[in-house]
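A short write-up of the structure that comes next.
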Amino acid sequence: MQDQLHTVIPHASKLQSFLGVHQIEQHVHQCQRYIDNLDKDDRAKEFHIKMEQNNETEKIIKKLESLGELTVVKTDMDLKKETSVRREAQVESRKQSNINSMTMNIENKIEINMGSISDMTCLMDGRLIIVEWGVNLLTPDGKLLKKLSIPGNAWSVTQINQNTIAITYPYEKAIKIFNMENETVTKVISLDTLCWGLSSSDDSLVVGLNDDEIRLIDLEGNTLKSIQVQSKTNMWHLVYCNDRVIYNDYSGNAVYCVDQSGKHIWQYTQDLSGPHGLCTDTYGNISVADINTHRIIVISKDGEESKVLLSDGLENPTCICLKHCESSGFICDVSGKDTYLTKFNLSSE
């Protein structure tokens with residue numbers, strides 16, 4: 001660009017010189033846009049373009065020998081990646097969706113040879129974990145792959161990151177952290193009482209202890225926060241979403257929402273009879289598997305609205321989960337001695 005200046009100076013008027021400088025300035029902006037649009041992969045280059053103008057403005061106008069030094073500084077820039085996940089919340093959003101436009105349709109039902117199922121979750125890679133005292137790994141279409149070799153009677157499961165899950169073992173008063181890739185228990189977190197529902201958030205765990213405490217702990221087992229609550233039954237299921245904890249009270253026929261300070265946000269008791277499994281969608285709305293009414297009910301994240309999503313085709317829905325970042329998932333449904341895995345799709349009208 002400095003070379004271009006020398007071609008402008010000798011035979012140009014001030015107006016022509018000004019126009020020439022303007023064209024050079026446009027060229028600078030084109031270079032800037034080019035740099036901004038460079039493709040990036042795991043690492044990117046951060047560019048700072050700086051034009052330092054000479055202070056002697058009059059001399060520049062008369063001679064137009066130099067506009068100053070143009071420098072491009074290129075430095076390495078790390079791209080931050082988040083590896084932790086929130087249980088069932090998938091992609092967190094502060095928006096409020098209209099639950100009245102939501103519909104749930106059954107795609108198919110698969111009979112599975114399992115007993116009393118207490119919890120399940122969809123992993124980030126599409127596979128499914130089902131807990132029936134033992135921990136079972138299933139394919140994305142619901143076929144059994146293997147029973148994971150974790151000793152003890154499990155109750156609730158959550159995914160911490162791509163390769164790691166955590167499971168509560170109530171009668172051992174422990175949470176076991178399990179590496180899916182190596183298929184090994186990497187840590188056992190001992191607690192001082194029975195532990196039931198489990199959720200995860202940002203390298204921490206949220207666990208329901210008996211019927212009166214929700215505890216936030218780090219992955220080493222250190223207590224970060226203790227929330228005192230009241231429930232008629234043990235907190236068998238809970239989810240953590242948008243800095244709030246939603247938990248079920250099976251015998252009390254209620255679903256409650258509290259914040260991290262223990263402040264009561266809302267409660268839902270309308271037409272519930274045996275609320276069991278819970279999950280949240282991308283907007284923070286809560287889907288409830290209500291066993292005794294044979295229904296799936298969705299509650300808005302503020303607790304103000306609700307809708308029956310599914311009432312036909314289910315016998316005793318015990319658990320529900322959504323696939324990661326998708327509008328489909330599974331319901332565990334018990335009919336007599338038979339247990340079914342019901343695949344569903346969510347849509348908005």
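The values are calculated or read from the model by the stated rules, or taken from the named source; none is laboratory data. The shown structure was predicted, so the numbers you read here are calculated from the model rather than taken from an experiment. Glycine gets a Cβ as well: all are built from the backbone with ideal geometry, and neighbour counts include every protein chain shown. The protein model used for the area step is the full one, side chains on, heavy atoms only, and it has no ligands, DNA or RNA in it. Shrake-Rupley method; radii C 1.70, N 1.55, O 1.52, S 1.80 Å.
For segment 166-173, the criterion of being farther than 30 Å from K263 by Cβ, surrounded by fewer than 17 Cβ atoms within 10 Å (Cβ to Cβ) and charged (D, E, K, R) is met by none of the residues.
L346 passes every criterion in (1) in a strand (DSSP E or B); (2) in contact with a His (Cβ under 6 Å, 6 or more places away or on another chain); (3) at pLDDT below 95 apart from (2).
Output the residues belonging to segment 222-231 that are part of a loop (DSSP other than H, G, I, E, B) and either modelled with pLDDT under 95 or β-branched (V, I, T) (or both). Talk me through it step by step, then tell me what you get.
If we filter segment 222-231 for residues that are part of a loop (DSSP other than H, G, I, E, B), which is where we start, we get 222, 229-231.
Result: V229, Q230, S231.
This table checks each residue for (1) touching a Leu at 6+ places or on another chain (Cβ under 6 Å); (2) open to solvent by less than 10 Å² (accessible area, probe 1.4 Å); (3) part of a strand (DSSP E or B).
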position	(1), (2), (3)
K109	no, no, yes
M114	no, no, no
V131	no, yes, yes
V135	yes, yes, yes
T158	yes, yes, yes
T186	no, no, yes
D192	no, no, no
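A289 falls short on exactly one of the conditions (1) touching an Asp or Glu at 6+ places or on another chain (Cβ under 8 Å); (2) modelled with pLDDT of 95 or more; (3) within 23 Å of K343 (Cβ to Cβ), and that condition is (1). Aromatic (F, W, Y) and more than 24 Å from F344 (Cβ to Cβ): does that describe W236? Against the criterion (aromatic (F, W, Y) and more than 24 Å from F344 (Cβ to Cβ)), W236 does not qualify.
A search for C-beta distances below 8 Å between a residue of segment 140-166 that is closer than 13 Å to L123 by Cβ and any residue that is open to solvent by 80 Å² or more (accessible area, probe 1.4 Å) and assigned to a loop (DSSP other than H, G, I, E, B), counting only pairs 6+ apart in sequence or on different chains, returns I160/D203; N161/T83; Q162/T83; N163/E181. Y283 meets all of the listed conditions (1) aromatic (F, W, Y); (2) within 21 Å of I130 (Cβ to Cβ); (3) not in a strand (DSSP E or B) but one, namely (2). Sort out which residues of segment 140-156 are open to solvent by 30 Å² or more (accessible area, probe 1.4 Å) and either closer than 16 Å to Y340 by Cα or in contact with a Lys or Arg (Cβ under 8 Å, 6 or more places away or on another chain) (or both), and write them in order of number. Once the filter is applied, which keeps residues that are open to solvent by 30 Å² or more (accessible area, probe 1.4 Å) and either closer than 16 Å to Y340 by Cα or in contact with a Lys or Arg (Cβ under 8 Å, 6 or more places away or on another chain) (or both), segment 140-156 yields P140, D141, K143, L144, L145, G152.
In the set (1) within 24 Å of the chain's Cα centre (by Cα); (2) buried (at least 22 other Cβ atoms within 10 Å of the Cβ); (3) within 15 Å of T103 (Cβ to Cβ), the condition left unmet by S347 is number (2). Between V245, V207, V258, V239, the distinction of being under 22 Å from the mean Cα position of the chain (by Cα), more than 22 Å from S306 (Cβ to Cβ) and assigned to a strand (DSSP E or B) belongs to V207 only.
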